[in-house]
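Enquirer: Quick one: structure below, then a few questions.
The values are calculated or read from the model by the stated rules, or taken from the named source; none is laboratory data. All values derive from a computational prediction rather than experimental measurement. Positions of Cβ are generated from backbone atoms using ideal geometry, with glycine treated the same way; all protein chains shown enter the neighbour counts. Side chains included, ligands, DNA and RNA excluded: accessible areas come from the protein's heavy atoms. Shrake-Rupley method; radii C 1.70, N 1.55, O 1.52, S 1.80 Å.
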Amino acid sequence: MFWRKRKGSDFSAEIRAHLENETARLREQGMSEEEARAAARQAFGNVMRAEETFYEGKRWVWWDHLKQDVRIGLRLLAKSPGFAAVAVLTLALGIGTNTAIFSVVNTVLLQPLPFREPGRLMDLWRFNPKENVTQDEMSYPDFLDLRNQNDVFTGMAAFREDRGILFSGHGEPERVHGVIASASLIGLLGVSPAFGRTFRAEEDRQGKGDVAILSHEFWQKHFRPDESVLDQGVTLDGKNYAVVGVMPAGFSFPISAEPVDVWLTIATDGAMAEGRGVAVYDVITRLKPGVSVAKATAESSTIFARVVAQFPKNHTEGWDVLGVMTMADLVQNSRDSLLVLFAAVGMVLLIACVNVANLILARGTSRRREIALRTALGASRLRVVRQLLTESLILALFGGGLGLAAAYWAMVSLIRIGPQDIPRLTNVKLDGTVFGFALGVSLLTSLLFGLAPALRLSKMELGDALKERVQGAGAGGERSRFRDSLIVAEVALSLLTVLGAGLLIQTLWHLEKTHPGFDPNHVLTFSVQEPHGFSDSQRVAFLNDVVTRVRALPGVDSTSAVFPLPFLTGVGITTRFEVGGKTLEPDQTPRADLAAVDDGYFRAMRIPVIKGQDFMEAKPGPGRPQAMISESFAKQYFPNEDPIGQRLKPDVETSHTPAQMAEIVGVVADVRTSSLREAGGPVVYVPVAQLPMGAMTIVMRSEGDARPLMAAVRSEVHAVNAGAMVFSGKTLEQQIGITLGQPRFNALLLVVFAGLALVLAMVGLYGAISYAVSRRTHEIGIRMALGAAPRYVMKLMLGNGLRLALIGTALGLAAAFGLARLMTRLLYGVSATDPLTFLGVATVLMVVAMVACYIPARRAMRVDPMVALRHE
């Protein structure tokens, strides 16, 4: 009867009414009031325990208990809307940020590659520990030797990207992203075309390789989803290719920010694929079942050692190969930063949990009489803990739901502001895994912030609680020490997050202040590509005409051309050089980047000529091949002699122009060519006429902002040749900014998370001191009545908060010395244990703590002693 009755009525009121009736009945039988109350409580407890024992045997009792706990929890939270709103919003911040970052981590780092058995895909790199050089490319002949002699792979493929393929024949010509690959690539990945076929082995040979495979998206865009494309063919770089297949929707390899449009066979590269000194091909392999990375690397290393010994001219001593899992290779530049960000949002979530735990403890003081009454009437400690945990779970689920909405907004923002070099970032979405993570985090947080307060609130002295003598129990003692420890942990976690942000901000500052070796201000860059079929002489003439016409535009200071442009990732030539008149050991043969430049390049880029002349002064021409070298090349390969007058011959040539022995006429300052983190290495510059290249990049320095001149530039290029293409128009500052995308992304997010951590820590300290003031109001009144000055009271309250902040800061600094080292790979120009950063962050934390403690401490100073003395 009582069970059914209590399900539909207010619990406390029902208990009081029942006890009063039972006490009155026992008083009528001659018992004293104290004896009657004790007997009534005992009788009621026996009935309640017997009833619960009866229902324990029923299968539905726990479900019924849970529904009851949920109803009671919702009713109690509805009575405290302010508490519920603050707790839910705090949890939503923590859960939302964690879910958003997890959605990125899940897609980028955890989801397997969309290929067959991706765990068996391994990349092969070249590296030379003697020269401290690692390259992920090799020459095609070296690849063939490795493929033909190995016994550990079921397949191998070589490929390179070409973002300058000209597609024509369907409207306006456009540049497409292509991959030149060995015929085995698509089959090795284990992905079948949507229709058509993959490449055949014989199509790697010249004369049989005029075939192409299209991406699904490219096919839909240009061929109106018509399978007859297999009969139509496609025109690329002025040459007709037979389309043999179309890949399924969403397929792209290699995985990059710019999806691949077309795949061509290695026969497309012609003579370049035959040069053993031309290392431009990435190599991917598929391990045989049961073969480890170590075994595959060891066998490949043995094979490559034979190749190095057989061709010493193209391989200096010390070159070896290294096996790296394809997934690890893909995420190597993003893994550390994403894990650091994930750790940061984890700290934000822990801080949020600490705050909510403190809120529950503070609110629990007002519920001590209710909890004690439940216990006195027979409710077990487990029953009380379960009720309190149910309330915590409700808060966490509400916070998780709101957090999911915040996570979606944050995820969209992350995709929009994220750098281009984070693989698969555009594929991030809120899928089932992410929803499951959000639910799991909600359940975990309910335990994190709910269990400890529930255990403490369920353990109390019943006598004091029933008489509502909360004054002494609420202040000080074990309960106060527990709350203080939570605040200390909160401050320590906040310091770790803010410290990480401080280190990354300094890294970004140092990177942006690093001089790249040239002046990027007011320089517009764009690539031009002449129509297919031009000879080398026509290509040089076309480029000269374009440079001359652009240079004549109003407001243009200087113009030139280069291949490759510094900071234009994914392109470039690294090769060996023969030194005229010298017989060198293979490991002493100069190795450097090779660049083709037009007259006036060093003036347009404002790269200082340290020694000798530039090409404008030396005037190279037919029969007078010349070269210029970087300062680091001169120091490394001509340390004790004058490099001017020395002769070099690169181990690379175009299809029509053989390599020539060129005289060094000048030395220029080093330029950072790929990253601001890496110092400028050895570079050899030759005139464009000696190394004609397609898709040259024009650099145009103007007197002001060069971007408005882009329309005029296109007109001038088309005036030279209507079939020429102009693309990739960016300023040099934008080009450098692309390489800073990852550091800026890391710093921005960590600053946001550090700001959240600071705000939450400030709220936590404010709440702790406010609570202490409210619990010690009576004590403060006595002190002031006995003559304590208001300033002394303020100092007492302020000192308590600052003491907690100081302890938390000290613990956070101690932990930071160990944890900050994990960020070393992300830092530049600053040590992971930089004392100024540590001191600055500690100072910021203490200032925030002082601000958080000042307001409640000032309120304590203004307490009226007479009001305080009556406070109970």
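Enquirer: What is the chain's relative contact order, in percent, from Cα pairs under 8 angstrom and six or more apart in sequence?
Expert: 15
Enquirer: Could you tell me which GluC sites (Glu not before Pro) in segment 112-170 are loop residues by DSSP with no more than 13 other beta carbons within 10 angstrom of their beta carbon?
Expert: Filter output for segment 112-170: GLU131.
Enquirer: Can you tell me which of 329-338, 309-318, 495-504 comes out highest on packing, and rank the rest after it, using the mean Cβ neighbours within 10 Å?
Expert: Taking the mean over residues of other Cβ atoms within 10 Å, the ranking is 495-504, 329-338, 309-318.
Enquirer: In addition: Placing +1 at every Lys and Arg Cβ and -1 at every Asp and Glu Cβ, with all other atoms neutral, what dipole size does segment 380-454 have around its Cα centre, in debye to the nearest 20?
Expert: It comes to approximately 200 debye.
Enquirer: Could you bin all the Cα-Cα distances of segment 234-342 into 5 Å bins starting at 0 and give me the percent of pairs in each, rounded to whole numbers?
Expert: Bins of 5 Å from zero give 2, 8, 12, 14, 17, 17, 14, 10, 5, 1 percent of pairs.
Enquirer: Here is a further query. How large is the Kirkwood hydrodynamic radius of segment 500-587, in angstrom, based on all distinct alpha carbon pairs?
Expert: Radius from the Kirkwood sum: 17.8 Å.
Enquirer: How long is the gain from LYS288 to VAL133 if the chain were fully straight, where each residue apart is worth 0.36 nm and the alpha carbon distance is subtracted?
Expert: 52.9 nm
Enquirer: Any idea which of SER728, PHE745, ALA712 is furthest toward the positive side of the dipole for segment 639-770, if Lys and Arg beta-carbons carry +1 and Asp and Glu beta-carbons -1?
Expert: So the residue we want is PHE745.
Enquirer: Oh, and also: State the antiparallel share, in %, of DSSP beta bridges confined to the chain, rounding to the nearest 5.
Expert: 80
Enquirer: So, with +1 on the Cβ of K and R and -1 on the Cβ of D and E, and no other charges, what is the size of the charge dipole of the chain about its Cα centre, to the nearest 20 debye?
Expert: Around 4960 debye, computed over the chain.
Enquirer: Got a sec? Charge dipole of the chain, +1 on Cβ for Lys and Arg, -1 for Asp and Glu; which of GLY829, GLN626, LEU503 is way out at the positive end?
Expert: Checking the options against the dipole of the chain, the answer is LEU503.
Enquirer: Next question, about the same structure. ASP336 to ALA38: extension gain in nm, 0.36 nm per residue of separation minus the Cα-Cα distance? Walk me through the numbers on the way to the answer.
Expert: Working: separation 298, 0.36 × 298 = 107.28 nm, distance 6.45 nm.
Additional length available on full extension: 100.8 nm.
Enquirer: Another question, if that's okay. Do any of LYS79/LYS795; LYS582/LYS611; LYS239/LYS619; LYS619/LYS649; LYS221/LYS429; LYS239/LYS288 go past 30 Å between their Cα atoms, and which?
Expert: The answer is LYS79/LYS795; LYS239/LYS619; LYS239/LYS288.
Enquirer: Given a 1.4 angstrom probe, what's the average accessible area per residue across segment 702-773, in square angstrom?
Expert: On the way: 2840 Å² over 72 residues.
The answer is 39 Å² per residue.
Enquirer: Any idea of the accessible area per residue across segment 135-273, 1.4 Å probe, to the nearest Å²? Write out the running numbers ahead of the final one.
Expert: Working: 5460 Å² over 139 residues.
So segment 135-273 comes to 39 Å² accessible per residue, rounded to a whole number.
Enquirer: Once every Cα of segment 633-702 carries one equal point scatterer and solvent is ignored, give the base-10 log of I(q)/I(0) from the Debye formula at q = 0.17, 0.25, 0.27 Å⁻¹, two decimals.
Expert: -0.85, -1.25, -1.27
Enquirer: In addition: If each Cα of the chain is one equal point scatterer, what is log10 of I(q)/I(0) from the Debye formula at q = 0.06, 0.10 Å⁻¹?
Expert: -0.59, -1.13
Enquirer: Excluding ligands, DNA and RNA, what is the solvent-accessible area per residue of segment 495-643 at a probe of 1.4 Å, expressed in Å²?
Expert: Per residue, segment 495-643 has 43 Å² of solvent-accessible surface.
Enquirer: Related question: With unit charges on the beta carbons (Lys and Arg positive, Asp and Glu negative) and the dipole taken about the Cα centre of the chain, which residue among LEU758, GLY555, GLY196 sits farthest to the positive side?
Expert: Farthest towards the positive end: LEU758.
Enquirer: Got a number for carbon plus sulfur as a percent of the chain's accessible area, 1.4 Å probe?
Expert: For the chain, the apolar C and S fraction of the accessible surface comes to 57 percent.
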